[in-house]
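The values are calculated or read from the model by the stated rules, or taken from the named source; none is laboratory data. The structure displayed is predicted, hence computed values, not measured ones. Here the Cβ is made from the backbone with ideal geometry for all residues, glycine too, and neighbour counts use every protein chain on show.
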């Protein structure tokens, strides 16, 4: 089965997710800097979510690029990932309007944790389908960044009830860890092609 | 005529449908779990619609994948399917805000029934255009899952006026039946390619 | 210059236009058929616009399919068409909420007229760029349906101030004329390929 | 690494940006020309933004077309550009509702300036990655239009506090400068292919 449509559909959904988040930035009532200042918390949350969803897109790009063909299971593992990503605009809007509140921070972390879990599952399904592609398996095998992200998201959920700034710092840290694209797979691909 | 653009356009429309449904999840007013609880019914309806539209995407993917080329009639049969799917966000939002009401449940079922009818029509148009492809015709020929889904959606509409939970159970059952991708076409494709 | 991205971008824009129109169908306040009845005028206008935009997509599909390569002028003629199509959701929403009013009906016709003019211009740019492709030029040359649509849209604008139902009848008639895909180009393509 | 998905994803995001801007055109309350007149300022701002984003799409199209393959750095330089473009609907809506105000005009200019900076950065990353493609480097090397646009956007920001019409004139001038597609790269591509 061809992977072209899976990539096209995922691109479509992620492009829409990343773009409709900006609809949470409501046009301010006034026409001065004070009016703009009111949307600053939502804007900062938007920047964070844009980067985190952008990371999923680049990693998804690298992962699928290293893949030859896909199974029906991959289709559903992929839809599962897109489902959790589709909730990012909702939790971004809620966190943006309640940045100092614990529950929206914890829910933001929970949705990101579930997206990370879904990405790990997608990776596993693809690797198991390509078990004759030992380099892909070996390359992703350790996946230290992925495991670290899972741990940081999981930690951010209870810590939001201690101090939500700790959780925010964890979200930003995950973004910084991943901003460097996954050169491991990239290097494998280069050798492979 | 090439099928690439038909797939790309369908991917685009389905990606937008599946993603704008999340806009029905309005950012809650408060910042606690009680506020989040108010969006729970809409969220559950969103999950159901996401899965049902996801099923259409995977089946559409399989069906077109088994197809070589398309006619003008296929373009319109496909647009007809996309029309009914485009109403899913509307009925999802209405059902989500009125889960215990009969009419929104029946209308939700009616839109899903019409989408299923449109999919069956699309399948027929494609099969009749590929009458020299006996394997595709034979593979889809029985289409037990498709017929069962049609019957369950049709039954869900009047049953919504008896007890809307019966209809909800039918919608969930259709989702469960289809969550396994259509291996019949998939197997044909593998032999074919 | 390749036409793939032009098609992909146009597909994306048209897919979004056709799908965000459904956002004008606001979730009704009540939970009974009376509540649903209030959105019926918007729904009917949505059906009409869906069909008219769908016609543009299928014709665009046929036109580009008969094209080998594109120039910078085609890019802008195409963006010009997409601009007028992008106003369709706006005029659909306005007409849907004011079906018995003259001005929204006339403006709906004006946007459709401009889209038809833009399509004619795009067709001309493509034909003049392919002047060594006499069959494409000959096939589109007469373009009776296109000229008839232009005349009907132009007539619908002043007639909206006489009786808006005449204009509505003209819009529906244009849709019916075009529902049969443009077999002229299709037949040329078949010979060409 | 293939550029297909980068193009597809960028097309998706730009298509959505250019289309959701029309959502800022709220359906008017009344049904006469006076009601339509109230959305005229938003409409004019929409036209300007549509053209400016359309220019980014055509230039992006030309730039990527001249490119053979892409690096991880290009992915992020591209996401950076898409981030600033994603803010265009927000500043379009704000400027549209406050056309005679200095701050929205200056912020509109600032977002366009940042998008132009991001485009310049993307161009540099691509050129440095293709240092063995001297024609691409030579062709973009001068980039007079790009530098002029940067200067005009930078000037429009402080001038918005003198008289916002000067800034508006600068935005329109940038659009006019670029409406002619970048024939330099186009000519290189023709020689190259």
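Do we find that residue A:51 is within 11 Å of chain B (Cβ to nearest Cβ), touching a helix residue (DSSP H, G or I) at 6+ places or on another chain (Cβ under 6 Å) and more than 30 Å from residue D:164 (Cα to Cα) in this structure? When the stated conditions are applied, residue A:51 does not pass them.
Scanning the stretch A:37-61 for residues that are over 13 Å from residue D:79 (Cβ atoms) and either outside any helix (DSSP H, G or I) or without any contact (Cβ under 8 Å) to a residue 12 or more places away in the chain (or both) yields A:37, A:38, A:39, A:40.
Looking at D:22, D:47, D:13, just one residue is under 25 Å from residue D:153 (Cα atoms), surrounded by 21 or more Cβ atoms within 10 Å (Cβ to Cβ) and modelled with pLDDT of 90 or more, and that residue is D:13.
Among the residues making up the stretch A:18-31, those that are over 20 Å from residue A:100 (Cβ atoms) and in a loop (DSSP other than H, G, I, E, B) are A:27, A:28, A:29, A:30, A:31. Among the residues here, residue C:94 does not qualify as buried (at least 19 other Cβ atoms within 10 Å of the Cβ), within 14 Å of chain B (Cβ to nearest Cβ) and modelled with pLDDT of 70 or more. Is it true that residue C:148 is assigned to a helix (DSSP H, G or I) and modelled with pLDDT of 80 or more? For residue C:148, the condition - assigned to a helix (DSSP H, G or I) and modelled with pLDDT of 80 or more - is met. The condition (being touching a residue at least 12 places away in the same chain (Cβ under 8 Å) and assigned to a helix (DSSP H, G or I)) is satisfied by just one residue among D:15, D:34, D:77, D:8: D:77. Checked against (1) more than 9 Å from every other protein chain (Cβ to nearest Cβ); (2) crowded, with 24+ Cβ neighbours inside 10 Å; (3) under 21 Å from residue A:18 (Cβ atoms), residue D:3 passes all but a single condition, namely (2). Within the stretch D:8-33, being more than 10 Å from chain A (Cβ to nearest Cβ) and more than 17 Å from residue C:80 (Cα to Cα) holds for D:25, D:26, D:27, D:28, D:29, D:30, D:31, D:32, D:33. Which of the residues belonging to the stretch D:80-91 are assigned to a helix (DSSP H, G or I) and at the interface with chain A (Cβ under 7 Å from one of its Cβ atoms)? Those that are assigned to a helix (DSSP H, G or I) and at the interface with chain A (Cβ under 7 Å from one of its Cβ atoms): D:83, D:86, D:89, D:90.
Okay, residues lined up against (1) closer than 30 Å to residue C:102 by Cα; (2) away from chain C (no Cβ under 11 Å); (3) touching a helix residue (DSSP H, G or I) at 6+ places or on another chain (Cβ under 7 Å); (4) crowded, with 24+ Cβ neighbours inside 10 Å:
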| residue | (1), (2), (3), (4) |
| --- | --- |
| D:35 | yes, no, no, no |
| D:68 | no, yes, no, no |
| D:103 | no, yes, yes, no |
| D:110 | no, yes, yes, no |
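All conditions but one from (1) surrounded by fewer than 21 Cβ atoms within 10 Å (Cβ to Cβ); (2) within 30 Å of residue C:60 (Cβ to Cβ); (3) at pLDDT 95 or above apply to residue B:116; the one that does not is (1). Checked against (1) surrounded by 20 or more Cβ atoms within 10 Å (Cβ to Cβ); (2) modelled with pLDDT under 90; (3) over 13 Å from the mean Cα position of the chain (by Cα), residue A:79 passes all but a single condition, namely (2).
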